[in-house]
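The values are calculated or read from the model by the stated rules, or taken from the named source; none is laboratory data. What you see is a predicted model, and the numbers here were worked out from it, not measured in a lab. All Cβ positions, glycine included, derive from the backbone under ideal geometry; neighbour counts span all protein chains shown. Note: areas computed on protein heavy atoms with side chains; ligands, DNA, RNA excluded. Shrake-Rupley method; radii C 1.70, N 1.55, O 1.52, S 1.80 Å.
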Amino acid sequence: LSNVAVERAGRNLFSSLSCAFYAGEVVVVLGPNGAGKSSLLLALAGLIPSSGQITLLGNGLSDYSRHELSKQIAWQGELPPTEFGLTVMQRLHLAMTEDSGSVKSVAQAMDIQALLQRPLGELSSGERQRTELAALMLRDTPIWLLDEPTAHLDLKHQIQCIQMMKRQCR
């Protein structure tokens, strides 16, 4: 990032932000509600406009097609809608790429094996969060931008989530 700024709804959330991220790092952005953390992640994913320069592997984000960016960057924010009637298994299959791991191993890693046949709309927020994290694992992208990944999780699953992120980082 070089002199990156984001403005939303006429409000300057941050400006002159410059920093670099490297392979194998886990970076945490901390700040109060409304400070622009989610907006920063959205800008890093190329999902909202920003000024300044955001580069990925030496190229500006605008040099990549949306499809190319989706192979490099996975963004996970608020829980998606459940109106489509998908089961957990169907949701995970939608996330798979040809290089993905198996649904069963990812389901085991996120402790959702028993949920695979259940509709997303019947899950608790924590179960849905674990399902979305499992889907993220199946995307097989090198960069994960996670907005409050442990939200909705009980303590046991928060610890498992952080351990999973460390393993994935390695």
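Once you wrap a convex hull around the alpha carbon atoms of segment 106-146, what is its projected area averaged over all directions, in nm²? Present the calculation step by step, with values, prior to reporting the outcome.
Values: hull surface 12.3 nm².
Over every viewing direction, the Cα hull of segment 106-146 projects on average to 3.1 nm².
With Cβ to Cβ distances under 14 Å as the rule, what net charge do the other residues near LEU17 carry (K, R +1; D, E -1)?
0
Alpha carbons only, please: Rg and Dmax for the chain, in angstrom.
Rg and Dmax of the chain, Cα atoms, are 16.7, 48 Å.
Given charges of +1 on the Cβ of Lys and Arg and -1 on the Cβ of Asp and Glu, with all other atoms neutral, how large is the dipole of the chain about its Cα centre, in debye to the nearest 20? Each step should come with its number before you reach the end.
On the way: 15 positive and 16 negative charges, 43 e Å.
Dipole size: approximately 200 debye.
Using 1/(1 + (r/R0)^6) with R0 = 22 angstrom and r between the beta carbons of GLU148 and SER62, what's the FRET efficiency to the nearest 0.05?
Working: r = 27 Å, r/R0 = 1.24.
Approximately 0.20, to the nearest 0.05.
Report the chymotrypsin sites (Phe, Trp or Tyr not before Pro) located in segment 3-42 that are in a DSSP loop and have at most 16 other Cβ atoms inside 10 Å of their Cβ, or state none.
Details: sites: PHE14, PHE21, TYR22; in loops: PHE21, TYR22.
Loop-located and lightly packed - PHE21, TYR22.
Give, in nm to one decimal, the length gained when the segment between ASN33 and GLU7 is fully stretched (0.36 nm per residue of separation minus the Cα-Cα distance).
Values: separation 26, 0.36 × 26 = 9.36 nm, distance 1.58 nm.
Extending this stretch completely gives an extra 7.8 nm.
Pop out the carbon and sulfur fraction of the accessible area of the chain as a percent, whole number, probe 1.4 Å. Don't skip to the end; give the middle numbers.
Values: 5150 of 10060 Å².
For the chain, the apolar C and S fraction of the accessible surface comes to 51 percent.
Based on the Cβ-Cβ distance of CYS19 and ASP111, what FRET efficiency does E = 1/(1 + (r/R0)^6) give at R0 = 25 Å, to the nearest 0.05? Walk me through the intermediate numbers first.
Working: r = 34 Å, r/R0 = 1.36.
The calculated FRET efficiency here is 0.15.
Longest exposed-loop-site-free stretch of the chain, with GluC sites (Glu not before Pro), DSSP loop and at most 14 other Cβ within 10 Å? Can you show the working numbers first?
Numbers: sites that count: GLU25, GLU78, GLU83, GLU98.
By the stated rule (loop sites, at most 14 other Cβ atoms within 10 Å), 99-170.
Please say if segment 1-80 is rounded, prolate or oblate, where rounded means a/c under 1.5 for a ≥ b ≥ c the square roots of the C-alpha gyration tensor eigenvalues, and otherwise the choice is prolate for a/b larger than b/c and oblate otherwise?
Details: a/c = 1.37, a/b = 1.27, b/c = 1.07.
Rounded.
With a 1.4 Å probe and every protein chain left in place, work out the accessible area per residue of segment 1-82 in Å², rounded to a whole number. Write out the running numbers ahead of the final one.
Working: 5160 Å² over 82 residues.
Averaged over the residues of segment 1-82, the accessible area is 63 Å².
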